[in-house]
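Okay, here's the structure, questions in a sec.
Taken together, the values in this text are just the output of simple stated rules run on the coordinates, not laboratory data. This structure is a prediction, so every number in the text was calculated from the model and none was measured. Every residue, glycine among them, receives a Cβ derived from its backbone with ideal geometry; neighbour counts consider all protein chains shown.
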Amino acid sequence: MEEPSDRDSDDRCICGRQQQRWRRLPSPGPEVTRGGLSKRTTSEGLREAFSKFGQIVYARVVTDRISGFSKGFGFVRYATLEEAAEGIKGMDGKFLDGWVIFAEYARPRLPLSGPTQPQTPPPQTSEPSSGF
């Protein structure tokens, strides 16, 4: 797997159940990810909850395209790394909209491993079926 290059302006923090899709980078950035969010949590509610720890550049809850409800995670970008650290420390394991949320530095998505091979069905056996 390729090691990440210098961090750019897309550094993030992530929280939520999607953590297994991300990998840790050597140094954190000012973006914090929030996970374990309620379906009723909005981007405005996320901004309001985390704004007491520093200047928020943006806050976004990832939502389902059809229902419009939260998918259970979101992102908050602070103006500085120090504010992001305070936001993580202040909100990790705390309640938001009735749910305990998780906060950590965001990590970039793993790149897709190229074109996928079509799935082939398992070979058929010539044994007679049991008749079920």
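Return the only residue of E86, E104 being on the phi < 0 side of the Ramachandran plot, in contact (Cβ under 8 Å) with a residue 24 or more places away in the chain and touching a Pro at 6+ places or on another chain (Cβ under 9 Å).
E104
Are there any pairs, at least 6 apart or on different chains, whose C-beta atoms fall under 7 Å, with the first in region 40-64 and over 14 Å from I101 (Cα atoms) and the second crowded, with 16+ Cβ neighbours inside 10 Å and of a type in the set (D, E), and if so, which?
Note: pairs meeting the criteria are F53/E83; F53/E86; G54/E83; G54/E86; Q55/E83.
Could you check G74 against (1) touching a residue at least 40 places away in the same chain (Cβ under 8 Å); (2) surrounded by 15 or more Cβ atoms within 10 Å (Cβ to Cβ); (3) touching a Phe, Trp or Tyr at 6+ places or on another chain (Cβ under 9 Å) and say which number it fails?
Evaluating G74 over (1) touching a residue at least 40 places away in the same chain (Cβ under 8 Å); (2) surrounded by 15 or more Cβ atoms within 10 Å (Cβ to Cβ); (3) touching a Phe, Trp or Tyr at 6+ places or on another chain (Cβ under 9 Å) leaves (3) as the failure.
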